[in-house]
Structure formats: C-alpha cells, structure tokens
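First up is the structure itself, then whatever we jot down about it.
The values are calculated or read from the model by the stated rules, or taken from the named source; none is laboratory data. Quick caveat, the model's predicted, so the values are computed rather than measured. Every residue, glycine among them, receives a Cβ derived from its backbone with ideal geometry; neighbour counts consider all protein chains shown. Side chains included, ligands, DNA and RNA excluded: accessible areas come from the protein's heavy atoms. Shrake-Rupley method; radii C 1.70, N 1.55, O 1.52, S 1.80 Å.
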Amino acid sequence: MRRSSSPGLPIFAKLSPDVTDIVEVATACVEAGATGLSLINTTLGMAIDSHTMRPVLAGVTGGLSGPAIHPLALRCVWQVHQALPEVPLFGIGGIRTGVDAFAFILAGASAVQVGTVIFHDPGAPTRVSRELREVLASRGMDRLEQAVGLAHRAPEPLIPEGFDPPGDEGAADQAADHSGAFVTDETPPAEDV
C-alpha cells in the first residue's frame, strides 16, 4: 500500500471485524506501511421480510452499522490497542453520544468517527464532540490524549470510603470454611459420650 503513495501521506486502513484474528490483520497492515487503523468497518448482516418470506436486500446480505456493532467495535479497538499501543486508531461503530466516544478513547482510540447516527441527527458530530469535552472535563482531563487507552491500566483495589477492616477481636466469628463450620484457633470442647 505504501509503495503506491507519497511517503508523507498518512494511510489509515479500515478493517472489517469479519475476520478470525483482528490483531493479526492489524499487524499486517502496519507492517505493510499503514500509518494507523480505522476500527471497524460494517459487519455482515441480513434481514428477512416476514411477509414476502424473502431477504430484504437484493444482494441478500449487507453492512450492519450503528448501535448494534458498538460492543464489537469496542472489542476490536481494545484488542488492537493492547497489541499495538503506539499505532493511532480511529474508533468507529455505534457512537451516538459523548459517553460512547469516551468508551472508544478509553479502549485505545486516538479519535472517533460518527456515522449512522447522522441519518436521524445531522448535528450529531458537533453534539458528540461537545459531550465528549464535557465527559473529559468531569473527570479532570483537559486533553483527549490523557484518556487514550486508560482502560488498559492495571486495576486499582476498590476500598470503600470509611471502611474499617476488622481487627483480631471477633475475626474468628466472621471466618468460615467451605463446610460452613467456623474456623477458630481454639480447641473444640470434648464431646460427651
């Protein structure tokens, strides 16, 4: 792909999710000279008309887009970013709100594309951009780059605020083994015969 283009021209390959291993395809594209990747293109779908009892589309199958592919697209961005964290990714698939866009950024996208939602909301790109800025600001971030791939960080232990773990006193009363018997360091009383 790079052989037939100007060396300074950025090339973004748009990948289909209809593959066995999206990371393998992404890696091959980058090795072939892609500057970055667009994830994902539509996935193959179909519809059947219950009245005619025939496929709705003349070609039988067609590209499924919009909210239905959001989880699939998010998974693809996550997997490719995890394998190729330095490669710029465009997150595409079912983005309707700033929160949807934020999820793609957290998964590893450097930018997002709004598509299907424009059919019924032509102002969606402007609205989603504004909402995304608001989501970032509400989390104390002033730049998009601060959130790229943030969901890949190691989990932090969640300890509720004000949590006071029990001390030695009463701990034996709270511990139980799998059989339901209480575990203590005391010798059990002898049974009467």
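Could you please find all residues in the stretch 100-133 being open to solvent by less than 10 Å² (accessible area, probe 1.4 Å) and of a type in the set (Phe, Trp, Tyr)?
Selection gives 104 alone.
Do the conditions hold for residue 88, that is, is it modelled with pLDDT of 95 or more, open to solvent by less than 70 Å² (accessible area, probe 1.4 Å) and within 18 Å of the chain's Cα centre (by Cα)? Spell out the reasoning first.
Details: modelled with pLDDT of 95 or more: yes; open to solvent by less than 70 Å² (accessible area, probe 1.4 Å): yes; within 18 Å of the chain's Cα centre (by Cα): yes.
Against the criterion (modelled with pLDDT of 95 or more, open to solvent by less than 70 Å² (accessible area, probe 1.4 Å) and within 18 Å of the chain's Cα centre (by Cα)), residue 88 qualifies.
Checking residue 70 against (1) in a loop (DSSP other than H, G, I, E, B); (2) surrounded by 14 or more Cβ atoms within 10 Å (Cβ to Cβ): exactly one of these is not met. Which one?
(1)
Give 160, 155 a once-over and let me know the one that is over 27 Å from residue 63 (Cα atoms), within 16 Å of the chain's Cα centre (by Cα) and surrounded by fewer than 16 Cβ atoms within 10 Å (Cβ to Cβ).
155
Results for (1) among the aliphatic types (A, V, I, L, M); (2) in contact with a strand residue (DSSP E or B) (Cβ under 7 Å, 6 or more places away or on another chain); (3) without any contact (Cβ under 8 Å) to a residue 24 or more places away in the chain, shown as yes or no for each residue.
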position: 96; (1), (2), (3): no, no, no
position: 113; (1), (2), (3): no, yes, no
position: 124; (1), (2), (3): yes, no, no
position: 146; (1), (2), (3): no, no, yes
position: 162; (1), (2), (3): no, no, yes
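A quick yes/no check of all residues on (1) of a type outside the set (A, V, I, L, M, F, W, C); (2) on the phi > 0 side of the Ramachandran plot; (3) touching a residue at least 60 places away in the same chain (Cβ under 8 Å):
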| residue | (1), (2), (3) |
| --- | --- |
| 17 | yes, no, no |
| 23 | no, no, yes |
| 26 | no, no, yes |
| 37 | no, no, no |
| 69 | no, no, no |
| 83 | no, no, yes |
| 102 | no, no, no |
